Amino acid sequence: MSFPSRPSICFAHVAYRCGERFAARGAPFPFFEVRSLPELEARIGEADVLVVSGLWRNTLPALSPRLKFVQSLSAGTDQYDREVFARHGIRLASAAGANANAVAEHAVGLLLGVTRRLFLARDDQHRRHWSGMKGDFAEREDELAGKTALVVGTGRIGAKLIRLLKAFDMRVIAVRQNPEAGAAGADEVHAAAALPSLLPRADAVILVCPLTEATRGLIHAGSFAAMKPTAILVNCARGPVAE
């Protein structure tokens, strides 16, 4: 695959200001930015490199014989048809690791939001309502310390998440395709096949795995039946991982 000496870059996103960031760093190559699919379809023929995520369609390569490289703005690349890329001679790169901190922190934020019942405090505040003290433990805020988190996926996001959960004094069980690769700081590491037997032990199940044929529908009705009634599910993976 050969590139022109000054490849043209198209930044395609409905909200991200990639062009502005690129210009602030000197913009060594010519670039343009689009905000919608019709605009992308109209101008894709001008780009050697496309930086994109949600606006991607597998019909785009047919509109641009010039396109040689696609940089995904997301770590997940399940939306890109590999056969289409091979047929048109286009290379694909993911943004694996770029969002590791943000997603791991978001997962902890969601877990804390439910455990500390922050959504109820927010609603009470908006209503200017004082709910008073509660004696029923089922209605009170809870703590993460001492509880068990089951983290499914130990890539960059999962590894960061495990470190954060350990800082809250949680016991962490990790699930990964190859447990021999290490526990990423977890107390235990198991193969994906062990997931059904691990679910009853978890106070929180956090999904940070990629969407593949092996993980599609990984969490289903039977999984919920195996979990504690009080367990919390946090899905920071693709939606179809949990049916």
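Phi angles across segment 236-243 convert, under the Karplus curve 6.51 cos²θ - 1.76 cosθ + 1.60 with θ = phi - 60°, into 3J(HN,Hα) values of 9, 8, 5, x, x, 5, 10, 6 Hz, Gly and Pro given as x.
The lysine pair count for the chain, using Cα distances under 29 Å and pairs eight or more places apart or on different chains, is 8.
Taking R0 as 41 Å, what FRET efficiency do you get between Ala42 and Ala193 from their Cβ-Cβ distance, rounded to the nearest 0.05?
Details: r = 48 Å, r/R0 = 1.18.
Here the calculated transfer efficiency is 0.30.
Across segment 195-206, rounded Karplus estimates of 3J(HN,Hα) from the backbone phi angles (6.51 cos²θ - 1.76 cosθ + 1.60, θ = phi - 60°) give 3, x, 6, 8, 4, x, 8, 8, 8, 9, 10, 10 Hz, Gly and Pro being marked x.
Extension gain for the segment Ser2 to Ala93, taken as residue separation times 0.36 nm less the Cα-Cα distance, is 31.1 nm to one decimal.
For the pair Glu83 and Phe224, label points projected 7 Å from Cα toward Cβ lie 3.4 nm apart. Under 5 Å from the amide H of Leu233 lie the amide H atoms of Val205, each residue being 5 or more positions distant or on a separate chain, with H modelled from the backbone and absent for Pro and chain starts.
Could you put Ser197, Ser94 in order of accessible surface area, largest first, with the 1.4 Å probe and the full protein assembly present?
Values: Ser197 80, Ser94 55 Å².
Solvent-accessible surface, decreasing: Ser197, Ser94.
If each DSSP helix of 4+ residues adds -39,500 (n - 2.57) and the sum is divided by the residues in the chain, what number results at 222 nm, nearest 500 deg cm²/dmol?
Details: 8 runs with 69 residues, N = 243.
Rounded to the nearest 500, it is -8000 deg cm²/dmol.
Put a plus charge on the Cβ of each Lys and Arg, a minus charge on the Cβ of each Asp and Glu, and nothing anywhere else: the dipole of segment 26-124 about its Cα centre is then about 160 debye. Each residue of segment 171-182 was assigned a 3J(HN,Hα) from its phi angle through the Karplus expression (A = 6.51, B = -1.76, C = 1.60, θ = phi - 60°), giving 8, 10, 10, 9, 10, 8, 4, 10, x, 5, 6, x Hz with x at Gly and Pro.
Please work out the FRET efficiency for the pair Asn101 and Asp142, using the Cβ-Cβ distance as r and a Förster radius of 30 Å; give the result to the nearest 0.05.
Computed FRET efficiency for Asn101 and Asp142 comes out at 0.75.
Take 145-155, 7-17 and order them by the average number of nearby Cβ atoms within 10 Å per residue, most first; the result is 145-155, 7-17. Estimated from the Cβ-Cβ distance and a Förster radius of 25 angstrom, the FRET efficiency linking Arg201 and Ala167 is about 0.75.
The values are calculated or read from the model by the stated rules, or taken from the named source; none is laboratory data. Since the model is a prediction, treat every value here as computed from it, not as a measurement. Methodologically, a virtual Cβ is constructed for each residue, glycine included, from the backbone with ideal geometry; neighbour enumeration extends over all protein chains shown. Heavy atoms of the whole protein, side chains included, go into the accessibility calculation; ligands, DNA and RNA do not. Shrake-Rupley method; radii C 1.70, N 1.55, O 1.52, S 1.80 Å.
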